[in-house]
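For reference, the structure is listed below as structure tokens.
The values are calculated or read from the model by the stated rules, or taken from the named source; none is laboratory data. This structure is a prediction, so every number in the text was calculated from the model and none was measured. Because the Cβ atoms are built from the backbone with ideal geometry, glycine has one as well, and the counts that use them run over all protein chains shown. Each accessible area value is taken on the protein alone, full model and side chains, heavy atoms only, with ligands, DNA and RNA left out. Shrake-Rupley method; radii C 1.70, N 1.55, O 1.52, S 1.80 Å.
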Amino acid sequence: MSIVEMQFLFDYYSWASAHILRATEKVSNEQFTRVRDYCQRSLRATLVHALSSERNWRARWQGSTLLTDLDEQTFPTPTSLRTYWKQQEQEMRTFLTSIQEEDLNRRIEGVTDEGTSYVDLVWHSMIHVLFHGAQHRSEAAEILTEYGFSPGELDFFVFLRQKDRDKRA
């Protein structure tokens, strides 16, 4: 996995997340915070969890200590979450443009919440963040669709075709 490929995958990640966040801004504050029966999480909690995880992994990649998980109460509205998300996305983009190829194979050591020690390669954990985000975007998309605000197609090929159209325009 090269840095260019990883940056490209994070471009897709940002594109798909933007679709979710645009649709999220259409829900009421009550819908945003309503706990769902099937996943025991609200739309807000699902998105805050995904963003918090991404933020914590980026801190690990940058050699920082783990950050405190984001508190969903900090984001009373979809707009407040989207604003913070954009700041975090910019920090991720800055990080992605600063790393070198050899950084992708650097080892990260830590301890899970359950107390188990681990050693991961940076690029493995970056792939994890991409897949973890996809899982929670899928959950958010289901909730949004149920509310009547589908985020639309989030497929990788839709992203690729749009990038191709944007190049030709």
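When the chain is treated as a Gaussian network with alpha carbon springs shorter than 10 Å, the biggest mean-square fluctuation among ASP37, ASP103, ASP71 belongs to ASP37. In plain terms, the chain is cut at each of the GluC sites (Glu not before Pro) found in a DSSP loop with at most 14 other Cβ atoms within 10 Å, and the longest leftover piece is 26-113. For the chain, a Gaussian network of Cα nodes joined below 10 Å ranks GLN135, GLN100, GLN62 by mean-square fluctuation, and the top entry is GLN100. In summary, the aspartates and glutamates within cross-link reach of LYS163, defined as a Cα separation below 18 angstrom excluding same-chain residues under 8 places away, comprise GLU5, ASP11, GLU153, ASP155. Per residue, the solvent-accessible area of the chain (1.4 Å probe, heavy atoms of protein chains only, all protein chains present) comes to 56 Å². Remark on the stretch 98-165: ratio of C-alpha radius of gyration to 2.2 N^0.38 Å is 1.56.
Taking only Cα atoms and a 10 Å spring cutoff, compute GNM fluctuations for the chain and point out the largest among SER98, SER150, SER125. Greatest mean-square fluctuation among the candidates belongs to SER98.
Straight Cα distances below 15 angstrom link LYS26 to the aspartates and glutamates GLU142, GLU146, with same-chain residues fewer than 8 positions distant left out.
From the largest down, the chain spans 49, 45, 25 angstrom on the principal axes of its Cα atoms.
I'd like the projected area of the stretch 15-73, averaged over all directions, using the convex hull of its alpha carbons. Report it in nm² with one decimal.
Quarter of the Cα hull surface area: 4.9 nm².
Report, to the nearest whole %, how much of the accessible area of the stretch 110-158 belongs to carbon and sulfur atoms, 1.4 Å probe, protein only.
The nonpolar share, carbon plus sulfur, comes to 57 percent.
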